[in-house]
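Here's the structure we're looking at; comments come further down.
The values are calculated or read from the model by the stated rules, or taken from the named source; none is laboratory data. Since we're looking at a predicted model, the values are computed, not measured. Cβ: placed from backbone, ideal geometry, glycine included. Neighbour counts: every protein chain shown. Please note that ligands, DNA and RNA were not included when accessible areas were found on the heavy atoms of the full protein model with its side chains. Shrake-Rupley method; radii C 1.70, N 1.55, O 1.52, S 1.80 Å.
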Amino acid sequence: MLHAGSIDRRLKAWLALFTVLVAVIALPSSAAQTGRSVPVLHVDGAIGPATSDYVARSLEAAAEEGAPFIVLRMDTPGGLDNSMREIIREILRSPVPVVTYVSPSGARAASAGTFILYASHVAAMSPGTNVGAATPVQLGGGGGPFSAPEKADPDKEGDSGSASASEAKALNDAIAYIRSLADLRGRNADWAEAAVRSAASLPAQAALEQNVIDLVARDRNDLLAQINGMKVIAGSAETTIDTRGVTLVDVNPNWRTRLLGAITNPNIALILMMIGLYGLLFEFMNPGALYPGTIGAICLLIGLYALSALPVNYAGVALILLGIALMAAEAVSPSFGILGIGGIVAFILGATIMIDTDIPEFRLSWPVLGAVAATSLGLTVLIARLGLSAHRRKLVSGREGMIGALGEVVDWNDGKGHVFVHGERWRAVGAHGLNAATPVRVMSVDGITLGVEPVRQAPSGSYAPPPETEN
């Protein structure tokens, strides 16, 4: 029989086990409340295809993981229009609030950065930062860049500082775009238009006073404290930002973003295209080598992909293709330099105007362009010299290669017979009285019949050349 004391002990043991199980089950939910992760994205430098890919993927991942909000720390001089608009589209449709924070002190949200700041659910800046100077610079086709603008007269309607209709069109489009973002987020639309039309710029405190941004925060902790409890519209629902117990986690670009950032550098793209070109040329000149053709095809495709992600001027691309075609023609059918030099000139002119932006990070470097041109010129000169030397060299095959060749008589009778030349037996005609093993020289070729004459034999036993005759 069981004693009352043992029963009591067993009940206490089961009660303790039940308590532990309840604690274990409740632990994840309480941890989720006290240890929520907030991704912090970093946008530094010019905004390009790699930046837009990085932000888009990070926003998508944050939504899938159920992040309470996202911090986008930004310090940018501007960037490409297409990349900027892709980032803004992702922010506007994100179900997770995006808090854009211009930081650290000395940072800026210029040009494209101003648009992104206006599109964000919460706009914040550190002391000592500035925002503005968002006038578009449209240089051609393929998506205008946003960069350092020239001042325009704000009193002239539609004035972009240029009489160009295309620039006026780009200006008006940018004004309408940023005003729509300002109306969406309830921020100062008139100053936003001034930032685009006349490149207006504001420091952090003045931007707060003029309702350009929502707050000025000294650091991350101050930022979290000020945004706690703010209500924003994310996606199609109103969301209250709760910063209690959150942990900020830096999300750095992965290998894919870094690779995209490297190959979308116009200088790298140009080098890859040239490696691809010469790899394919070497493969065509030496069929079966495989390595040059394989490497060249890969580099060429990567270079073309990089160009497709950049704002390019199609006239520049056409000149580059013309230059490549002329240099390829010089390699396969040497013209003693004229095709190669013309190809280099067309290539340099095309590369100069190919990238349709004045942003330094997305312009071709003159040293790189000069190195590529010098390499191409060197290869063209080398091919031309090889072609010239081959043209001057004596032929060693065909009918011309037989003239002057030495051989021996195999049999001879009455001015005709057979001779042995180049390891082959030929029918021959020539002088009477030749004997077997007599050394002869080929003087003419008529079909498969050789015209020969005896060779004067030197005292050493070697064949002596025929005596020179005057013309």
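Applying the criterion of at least 3 residues that are open to solvent by 20 Å² or more (accessible area, probe 1.4 Å) and at pLDDT below 70 to the helices (runs of 4 or more DSSP H) found wholly in the stretch 331-411 leaves 366-392, 398-402. Taking the criterion of being without any contact (Cβ under 8 Å) to a residue 60 or more places away in the chain and either open to solvent by 10 Å² or more (accessible area, probe 1.4 Å) or assigned to a loop (DSSP other than H, G, I, E, B) (or both), the only residue of the stretch 74-84 that qualifies is Asp75. Apart from one condition, Gln210 fits all of (1) surrounded by 20 or more Cβ atoms within 10 Å (Cβ to Cβ); (2) in contact with a Phe, Trp or Tyr (Cβ under 8 Å, 6 or more places away or on another chain); (3) at pLDDT 75 or above; the exception is (1). All of Leu248, Leu290, Leu202, Leu259 fail the test of being modelled with pLDDT of 90 or more, under 35 Å from the mean Cα position of the chain (by Cα) and surrounded by fewer than 17 Cβ atoms within 10 Å (Cβ to Cβ), apart from Leu248.
Pairs are defined by a Cβ separation below 6 Å, a sequence spacing of at least 6 or placement on different chains, a first member in the stretch 225-253 that is more than 18 Å from Gly66 (Cβ to Cβ), and a second member that is surrounded by 13 or more Cβ atoms within 10 Å (Cβ to Cβ) and of a type in the set (Ser, Thr, Tyr); the pairs so defined are Asn228/Thr243; Pro253/Tyr54. The condition of being at pLDDT 90 or above and surrounded by fewer than 23 Cβ atoms within 10 Å (Cβ to Cβ) holds for only one of Ala107, Ala112, that being Ala107.
Residues that are out of contact with any Ser or Thr (no Cβ under 7 Å at 6 or more places or on another chain) and either open to solvent by 10 Å² or more (accessible area, probe 1.4 Å) or more than 29 Å from Thr247 (Cβ to Cβ) (or both) within the stretch 85-95 comprise Arg85, Arg89, Glu90, Leu92, Arg93, Pro95, listed in sequence order. Checked against (1) closer than 16 Å to Arg57 by Cα; (2) assigned to a loop (DSSP other than H, G, I, E, B); (3) free of Cβ contacts under 8 Å to residues at least 60 places away in the same chain, Glu90 passes all but a single condition, namely (2).
Which residue, of Ile324, Ile298, is surrounded by fewer than 18 Cβ atoms within 10 Å (Cβ to Cβ) and either closer than 30 Å to Leu72 by Cα or of a type outside the set (Ser, Thr, Tyr) (or both)? The conditions single out Ile298.
Within the stretch 120-131, identify whether any single residue is modelled with pLDDT under 90 and of a type in the set (A, V, I, L, M, F, W, C), and answer yes or no.
no
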